[in-house]
Amino acid sequence: MSASTPTTLPLATLAQELARFRAACPLVHVLTNEVVQEITANVLLAAGAAPAMIVAEEEVPTFAAIAGAVLINVGTLHATRLAAMQQAVTAASAAGVPWTLDPVAVGALKYRTDACQALIRQKPTAIRGNASEIMALAGAGQGGRGVDSTSGSDAALDAARFLAHETGAIVAVTGETDYITDGKTTLATPWGHPLMTRVVGTGCALSALVAAFTAGAPNRLEAVASACAMAGMAGQYAQKQSHGPGSFKGAFLDALYHIQPENLLEISA
Ligand SMILES: Nc1ncnc2c1ncn2[C@@H]1O[C@H](COP(=O)(O)OP(=O)(O)O)[C@@H](O)[C@H]1O
Ligand SMILES: Cc1ncsc1CCOP(=O)(O)O
Ligand SMILES: [Mg+2]
């Protein structure tokens with residue numbers, strides 16, 4: 001496998017993707033964990049998408065097929081939720097709806113690891129995880145410390161490329177710098193702030209934003225990278241307006257709402 005050096009996502013590409021995303025206001029079918037439902041819906045709304053948390057097996061196949069994108073997040077996985085997720089993936093795939101996997105805490109726990117391995121065989125459009133999760137899913141690690149990574153994103157770059165190559169998904173591995181790869185080309189988004197790791201759900205909500213950007217995307221690599229860049233820039237900007245995790249959460253939603261193709265230079269400074 002030939003691996004090119006990561007290049008930073010150009011602001012002009014982000015501007016184009018952001019304009020496309022805002023014009024589309026994609027409907028996102030979210031199957032996520034119990035901890036992050038609220039922040040995920042608020043991040044999508046603030047950014048400019050329309051979230052819907054539809055979880056009943058009786059409703060999931062119908063909704064997955066009409067959504068713009070689907071998110072599968074295994075953070076608080078249990079049998080009923082997993083059955084619904086499998087139905088969502090089957091329906092989305094049949095209807096050509098892109099779906100994204102967030103493999104929360106994969107590796108150490110066999111139940112969710114087996115579930116994620118089965119899910120990636122169904123060809124997700126995108127996979128977004130922290131370094132420990134991406135390495136574990138690629139078979140190159142045992143997982144992190146609960147839901148948190150014990151490695152930096154640089155350490156997971158080869159695993160991300162391998163996973164993309166094996167599954168056909170765009171793989172985003174996040175951390176101080178986010179790397180987004182299709183197995184051949186790798187984009188980097190260097191924006192963000194460590195305070196983002198002190199508010200629950202910034203990773204899970206980013207995965208929902210990744211899903212949203214894949215809806216109708218002409219270039220999925222650039223779409224996923226743009227979602228990562230948008231979240232990173234908003235986090236970096238929000239940190240300057242806040243005094244700790246509590247005020248950061250509100251400032252982060254405000255920044256996601258205010259970020260525009262026209263003010264990317266200011267927000268990313
Ligand atoms: N050390 C860091 N510096 C700047 N941004 C970070 C850092 N760690 C994580 N982030 C950002 O926080 C968000 C969540 O990423 P991450 O913590 O890797 O996911 P998870 O919450 O799933 O473990 C991403 O937008 C990422 O870019
Ligand atoms: C704390 C926790 N426990 C199970 S899922 C979850 C949320 C993890 O959120 P994130 O991966 O965005 O930090
Ligand atoms: Mg996570």
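The values are calculated or read from the model by the stated rules, or taken from the named source; none is laboratory data. What you are looking at is a predicted structure, and each value in this text was computed from that prediction instead of being measured. All Cβ positions, even for glycine, are placed from backbone atoms using ideal geometry, and neighbour counts span all protein chains on display.
Have a look at GLY146, GLY175 and point out the one that is under 17 Å from VAL210 (Cα atoms), within 14 Å of ligand 3 (Cβ to nearest atom) and surrounded by fewer than 22 Cβ atoms within 10 Å (Cβ to Cβ). Answer to the check: GLY175.
What are the residues in segment 73-106 that are assigned to a loop (DSSP other than H, G, I, E, B) and within 14 Å of ILE127 (Cβ to Cβ), if any? Scanning segment 73-106 gives VAL74, PRO98, PRO103, VAL104. Scanning segment 178-201 for residues that are buried (at least 20 other Cβ atoms within 10 Å of the Cβ), farther than 25 Å from SER4 by Cα and in contact with an Asp or Glu (Cβ under 9 Å, 6 or more places away or on another chain) gives a single hit, GLY201.
Within segment 227-238, residues that are under 17 Å from ARG22 (Cα atoms) reach no partner that is basic (Lys, Arg) and part of a helix (DSSP H, G or I) with beta carbons closer than 9 Å at six or more positions or on different chains. Of the candidates ALA46, ALA108, ALA115, ALA41, the single residue that is more than 24 Å from PRO218 (Cβ to Cβ) and modelled with pLDDT under 95 is ALA108. Here VAL70 meets the list (1) in a loop (DSSP other than H, G, I, E, B); (2) of a type in the set (Val, Ile, Thr); (3) more than 16 Å from ligand 2 (Cβ to nearest atom) almost entirely, failing just condition (1). Look at GLY232 and say whether it is in a helix (DSSP H, G or I) and touching a Gly at 6+ places or on another chain (Cβ under 7 Å). It is true that GLY232 is in a helix (DSSP H, G or I) and touching a Gly at 6+ places or on another chain (Cβ under 7 Å). Whenever a residue of segment 202-224 is of a type in the set (Phe, Trp, Tyr) and surrounded by 24 or more Cβ atoms within 10 Å (Cβ to Cβ), it has no partner that is in a helix (DSSP H, G or I) and at pLDDT below 95 lying with C-beta atoms less than 6 angstrom away and at least six residues away or across chains. Only one of the numbered conditions (1) within 16 Å of ligand 1 (Cβ to nearest atom); (2) in contact with a helix residue (DSSP H, G or I) (Cβ under 6 Å, 6 or more places away or on another chain) is not met by THR76, and that is (2).
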